[in-house]
Amino acid sequence: MGLKPKRSVFAGVFVRARLWQRLAMVLLPLLAAVTALELWMTRHDALEAANAAYDRSLAGALKAIDAGVSTASGGLSVELPYSVLEFFELTASGAVFFRVASSDGLVELGNADLPLPAQPLEPGVPRFYDATYFGETLRLAAFSRPITTHADSAGSAPTHPPSHVLVQVGESLQSRQEFTRRFVQRAALRDGLVLALMLLGTAGTLAVALRPLARMAQDVEQRTAEDLAPIAAEHLPADIRPLVQAVNQHMQRNQALVRQQRDFLDDASHQLRTHLTTLQMQIDCARREPDAAEVQNTLTAIAAEISRATRSTQQLLALGRSDTAALTLAPLDLPALLRTVALELLPLARTRQIDLGIQPPGTTYATAVADGDLMREALRNLAANAVTYCPAGSTVTLCAAGDPLGWSLRVEDNGPGLTSGELSALGTRFRRGTAASAPGSGLGLSIARSIAERHQGTLRLENREQGRGLIATVWWPRKPSPLNP
């Protein structure tokens, strides 16, 4: 037995939350993530800007020291620009370090143990890098250039002249870190204010956007149970109108169903009251009748009336089921259906001297898709009407057919047929033909029509083109919807 995956707590809360709460759950993390990303980018840009500005100061100090390096005296002389170093120390807001060294090691000024860059220096190209010096992180600039040694007054040059000179300048990162911190703090305050304004604006926008829904919900809540009037959609957002239209259509279907049920109850109560009134009158007559033979005749009439009442009740129940029962679509054997209905009506047909037969479809369309019980009820009512109302000696044939579009059940007879007015009116509940002499309630065709419509089909009544008779056909498409029409 498989285990169902457990839904997370957040998913459960999200499903139960209201619409504005769902939007808040989605927007708040999104806005917070965007703000955090913007702050990270701001800090990155601030670091680049601070490094660029402070590195220009380092480059200026580097050039100033390099300008004081001279070989005019025949050796290597260095004149330190103390005014520049003091100014540089002020702008750096911390300790300043420098070093001037020759490649032969004879000249070493400043901080001799300043760390060198990881990669060798290119002559004439300054290199900026970070390094640790006595536990403190420094920003350093290093510059190396070749030097030319001039001969002394005696005309001789040094035995081992230095080939290049190295100049390094460094400062602590305190100043630029403080600058970056203040810059990021101001950006965080600014972004926090913008985020708060965005949240307030979003909340206000949601309140305005959801106000029509709140008014619609209030209007629906104030309605009575009988009020199924359509919801006005003129002042609702365009995205909500399809939902409102669907709700209105659903209420219209419910309205039609309620009206149909009310009419059905009215008609059914009238029909049953008629039978009960007739029975009561016949019983009263039997009680007052002294003649035993007349009492026996009255009892026979009572039995016939009970039979008619039973038939009406069965048809009313079938009509109610055809209107409300859910369709159970399954393969339906049409030849078997014709044989079953014909065998059920065979005793009645023999009593009325009716030639009852069947005409099954071809093997290609012998199997249909429908609710078998309902289709059997529809065909039985059509066939029962034909057997009941046709005169003695008539012929009634039960037929089935199919094509690429759908299937049909058909009852043909050679009875008197119907007038054009009766053809358009029959199928309405409790409506019978004017020439009908046999007793009935006028529900058989209504049941067949209701079942056909439940299968998205139709009931057609038409006189035969050649000769006398009527053709009653129930047709339904190949893919009826399982939903109620």
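The values are calculated or read from the model by the stated rules, or taken from the named source; none is laboratory data. Bear in mind that the values here come from a model prediction, so they are computed numbers and not experimental data. Here Cβ is always computed from backbone atoms with ideal geometry, including for glycine, and neighbour counts include all displayed protein chains.
Within the bounds of segment 208-228, is there any residue that is free of Cβ contacts under 8 Å to residues at least 24 places away in the same chain and surrounded by 14 or more Cβ atoms within 10 Å (Cβ to Cβ)? Show your work before the answer.
We begin by selecting, within segment 208-228, every residue free of Cβ contacts under 8 Å to residues at least 24 places away in the same chain; these are 208, 211, 214-215, 217-227.
Going one step further and asking which of them are surrounded by 14 or more Cβ atoms within 10 Å (Cβ to Cβ), we end up with none.
Within segment 208-228, none of the residues are free of Cβ contacts under 8 Å to residues at least 24 places away in the same chain and surrounded by 14 or more Cβ atoms within 10 Å (Cβ to Cβ).
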- Query: Does at least one position in segment 212-223 carry a residue that is over 24 Å from the mean Cα position of the chain (by Cα) and part of a loop (DSSP other than H, G, I, E, B)?
  - Reply: yes
- Query: ASP371 versus (1) among the acidic types (Asp, Glu); (2) closer than 19 Å to ARG460 by Cβ; (3) out of contact with any helix residue (DSSP H, G or I) (no Cβ under 6 Å at 6 or more places or on another chain): which is the lone unmet condition?
  - Reply: (2)
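For segment 325-362, enumerate the residues that are among the aliphatic types (A, V, I, L, M), touching a residue at least 40 places away in the same chain (Cβ under 8 Å) and assigned to a helix (DSSP H, G or I). It would help to see each step written out before you state the result.
Initially, segment 325-362 is screened for residues among the aliphatic types (A, V, I, L, M), giving 325-327, 329-330, 332, 334, 336-338, 341-343, 345-346, 348-349, 354, 356, 358.
Checking the rest, the ones that are also touching a residue at least 40 places away in the same chain (Cβ under 8 Å) come to 325-327, 329-330, 332, 334, 337-338, 341-342, 345, 348-349, 354, 356, 358.
LEU334, LEU337, LEU338, VAL341, ALA342, LEU345, LEU348, ALA349 - these are the residues of segment 325-362 that are among the aliphatic types (A, V, I, L, M), touching a residue at least 40 places away in the same chain (Cβ under 8 Å) and assigned to a helix (DSSP H, G or I).
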- Name the strands (runs of 3 or more DSSP E) wholly within segment 406-485 that hold at least 3 residues that are within 29 Å of LEU265 (Cβ to Cβ) and at pLDDT 65 or above? 458-463, 470-477
- Kindly provide the set of residues from segment 292-332 that are touching a helix residue (DSSP H, G or I) at 6+ places or on another chain (Cβ under 9 Å), more than 24 Å from LEU276 (Cα to Cα) and at pLDDT 80 or above, ordered by number. THR328, ALA330, PRO331, LEU332
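Looking for something over 30 Å from ASP45 (Cβ atoms), of a type in the set (Gly, Ala, Ser), outside the structural domain of PRO120 (by TED's automatic domain parsing) and modelled with pLDDT of 80 or more - is there at least one such residue anywhere in segment 235-243?
Step one: list which residues in segment 235-243 are over 30 Å from ASP45 (Cβ atoms), which gives 235-243.
Narrowing further to those that are of a type in the set (Gly, Ala, Ser): 238.
Adding the requirement that they be outside the structural domain of PRO120 (by TED's automatic domain parsing) leaves 238.
If we keep only those that are modelled with pLDDT of 80 or more too, we end up with none.
No, segment 235-243 contains no residue that is over 30 Å from ASP45 (Cβ atoms), of a type in the set (Gly, Ala, Ser), outside the structural domain of PRO120 (by TED's automatic domain parsing) and modelled with pLDDT of 80 or more.
Find the helices (runs of 4 or more DSSP H) located wholly in segment 1-116 whose residues include 3 or more that are modelled with pLDDT of 80 or more and among the aromatic types (Phe, Trp, Tyr), and list them. Give the derivation first.
On the way: elements: 9-16, 19-67, 82-92.
In segment 1-116, there are no helices (runs of 4 or more DSSP H) which contain 3 or more residues that are modelled with pLDDT of 80 or more and among the aromatic types (Phe, Trp, Tyr).
Scanning for something closer than 30 Å to ASN248 by Cβ and of a type in the set (Ser, Thr, Tyr), does segment 201-208 turn up at least one residue? Can you show your working first?
Of the residues in segment 201-208, the ones closer than 30 Å to ASN248 by Cβ are 205-208.
Imposing the further condition that a residue be of a type in the set (Ser, Thr, Tyr) reduces the set to 205.
So far as segment 201-208 goes, yes, one or more of its residues are closer than 30 Å to ASN248 by Cβ and of a type in the set (Ser, Thr, Tyr).
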